[in-house]
Amino acid sequence: RYDEAESVLRRALANLDDANTRYDLGLVLDRTGRAAEAMNEYRLALARNPTHGDALNNLGYALLLTGRDQEARALYEKALALQPDFPEALNNLGLLAGRAGDLAEAERRLREALARRGDYGEAANNLALVLATRGQPDAAVTLLEHLLQQRPEYEAAYVTLARIHLSPGRTRDGIAAVERVLQRNPNHAAGLELLRQ
């Protein structure tokens, strides 16, 4: 109910313009595809509290999505300086390293993120992709299967698992992974597309 949430947050800001409310409004705007407005709210949250780690991280991620990698890196590093055990910032630094082609650094950062939160689905999924790219598909599969034992609802892992199996031609295993996600969510778009392929 994002429209309702946005309305409530905007009314709250009329009474008290604080960093947490600005950050929450940024989240709502992010989730409704209004990235530029969300970035503005994260900036306003940081103007009110420059040490708001989540706002630093989310603004960094929005910048990463728009190709502004250096600005994103600076925000992630600031978030980590404030909060050394911040798995989302570590994950996002791993993404940046991967985009730059530094797979060893990407792996290191993603492993750090998982060390902070062992069931962090996005970090595990990203690490599996790095491992597969580095020629370690079995390690990637083991990692994803372990994650899915902890968090069977994390659907992206099934899709990544299927792609890892399908790339060297392990079709039966790939189809089994797709079927697992479709049992959970029969309308899963990526799962249906993989099955069609």
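The values are calculated or read from the model by the stated rules, or taken from the named source; none is laboratory data. Small disclaimer: the values here were computed from a predicted structure and weren't measured. Note that each Cβ is placed from the backbone with ideal geometry, even for glycine, and that neighbours are counted across all protein chains shown. Accessible surface areas use protein heavy atoms only, side chains included; no ligands, DNA or RNA. Shrake-Rupley method; radii C 1.70, N 1.55, O 1.52, S 1.80 Å.
Phi angles across region 3-13 convert, under the Karplus curve 6.51 cos²θ - 1.76 cosθ + 1.60 with θ = phi - 60°, into 3J(HN,Hα) values of 4, 5, 4, 4, 4, 4, 5, 5, 5, 4, 5 Hz, Gly and Pro given as x. For His188, the solvent-accessible surface computed with a 1.4 Å probe is close to 30 Å², ligands and nucleic acids excluded.
The Stokes-Einstein estimate for region 1-156, based on a Kirkwood radius over Cα pairs and taken at 25 °C with 0.890 mPa s viscosity, is a diffusion coefficient of 149 µm²/s. Entry comment: accessible area of region 1-40 is 63 Å² per residue, from protein heavy atoms only and a probe of 1.4 Å.
For region 137-187, the solvent-accessible area with a 1.4 angstrom probe is 55 square angstrom per residue. For the chain, the fraction of 1.4 Å probe accessible surface lying on carbon and sulfur atoms is 49 percent. Under the criterion of Cα pairs below 8 Å and six or more residues apart, the relative contact order for the chain equals 9 percent.
Charge dipole of region 145-197 (Cα centre as origin; +1 on each Lys and Arg Cβ, -1 on each Asp and Glu Cβ, all else neutral): 100 debye, rounded to the nearest 20.
Return the FRET efficiency for the residue pair Leu82, Ala36: r is the Cβ-Cβ distance, R0 is 30 Å, and the value is rounded to the nearest 0.05. Before the final figure, lay out the partial values.
Working: r = 25 Å, r/R0 = 0.85.
In this case the efficiency is close to 0.75.
222 nm [θ] for the chain, helices only, -39500 (n - 2.57) per DSSP H run of 4+, per residue, to 500? Write out the running numbers ahead of the final one.
Details: 12 runs with 156 residues, N = 197.
Computed ellipticity for the chain at 222 nm equals -25000 deg cm²/dmol.
Note down the relative contact order for region 91-183 as a percent, whole number, built from C-alpha pairs under 8 angstrom at least six residues apart.
Numbers: 104 pairs, mean separation 17.2, N = 93.
The value is 18 percent.
In this Cβ point-charge picture (+1 for Lys and Arg, -1 for Asp and Glu), the chain has a dipole of about 260 debye about its Cα centre. Using a cutoff of 8 angstrom between alpha carbon atoms and counting only pairs six or more residues apart, the relative contact order for region 52-92 works out to 41 percent.
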